[in-house]
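For reference, the structure is listed below as C-alpha cells.
The values are calculated or read from the model by the stated rules, or taken from the named source; none is laboratory data. This is a predicted model, so every value here is computed, not measured. Cβ sites come from the backbone with ideal geometry, for glycine too, and all protein chains shown count toward neighbours. Quick note on the areas: whole protein, heavy atoms, side chains included, nothing else; ligands and nucleic acids left out. Shrake-Rupley method; radii C 1.70, N 1.55, O 1.52, S 1.80 Å.
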Amino acid sequence: MKKLIVFIFSIVLLGSCDKEVEGCTDFNATNYDSEATIDDGSCIVNGCTDPNAINYNPDAVEDSGNCLFTLVGSWEGVSWIQNGNNIIQNFDEFTLHCYSDSTWISYTLPLNWNGNNYANYRGTYFLNNNHTECTIKTTHFNFNDGNGWVDIGPPIRTALYSMELTHSSYSGSLISSTDTTLNSLDFSYVRVE
C-alpha cells in the first residue's frame, strides 16, 4: 500500500510539472508563440526601423515600410516646376522653414533683384495621417527691399499636394489649389539642418 501511494504521488508530481517551452514570448511579434515560456530570441517584430522617423520602433527587426517623418526643420529648394517652368534657377536662395506648431515661412532671394531684396511667404501646413498629402495655406507675402519688411497682402492661396517625405528630402505635386493661375506644380527639397 505504501508503494502504491508513493507511485500515485510520483505520477501526480511528475505530471503536474510544467514543461518549459522555448519560443517567441513577445505578443507584438509576428511569430508570437502563446505556449512559449522561455524567450529564445527568435521574435520577429515588424515596424519602422529608421531612427529618424517619428514612429521609430527600436524593437523592430524587419521594416514594415510605414515610417513617418516630420516636416519640422529647414529645407533648401531643389526644384520648383510651376506650370511647366522650373523657376528654382532664378533664385540665389529658396529656403523653407517648418515649425512644430504647423506654421512655415519661406525666404527667397531672386537673382534679378539687386542687393538684399528678400521675399517671404508665411502660412500653415497640415499633413494627413500617413504623411502622403499636405495642405499648405499661404497667409502672408512680405517683401524686404533693404529698408525693412513690408506686408504685401492677405492670404494668397490654399493648396493640396501629394507628398513623398523622408528624413532627408521631400517632394510633391499639386492636387488642387484656390489659385486659378496655378495649373501644375511639382517641387522637391532637401533637409539642410
The residue that is nearest to residue 185 (Cα to Cα), considering only those in the stretch 85-103 that are open to solvent by 60 Å² or more (accessible area, probe 1.4 Å) and at pLDDT 90 or above, is 85
I'd like the residue in the stretch 137-155 that is β-branched (Val, Ile, Thr) and open to solvent by less than 40 Å² (accessible area, probe 1.4 Å) and, out of all such residues, is modelled with the highest pLDDT. 138
Residue list for the stretch 156-193, restricted to those being loosely packed, with under 14 Cβ neighbours inside 10 Å, among the charged types (D, E, K, R) and in contact (Cβ under 8 Å) with a residue 40 or more places away in the chain: 193
Hits in the stretch 24-75 (condition: open to solvent by 60 Å² or more (accessible area, probe 1.4 Å), in a loop (DSSP other than H, G, I, E, B) and more than 30 Å from residue 187 (Cβ to Cβ)): 27, 28, 30, 32, 34, 35, 37, 40, 41, 58, 59, 61
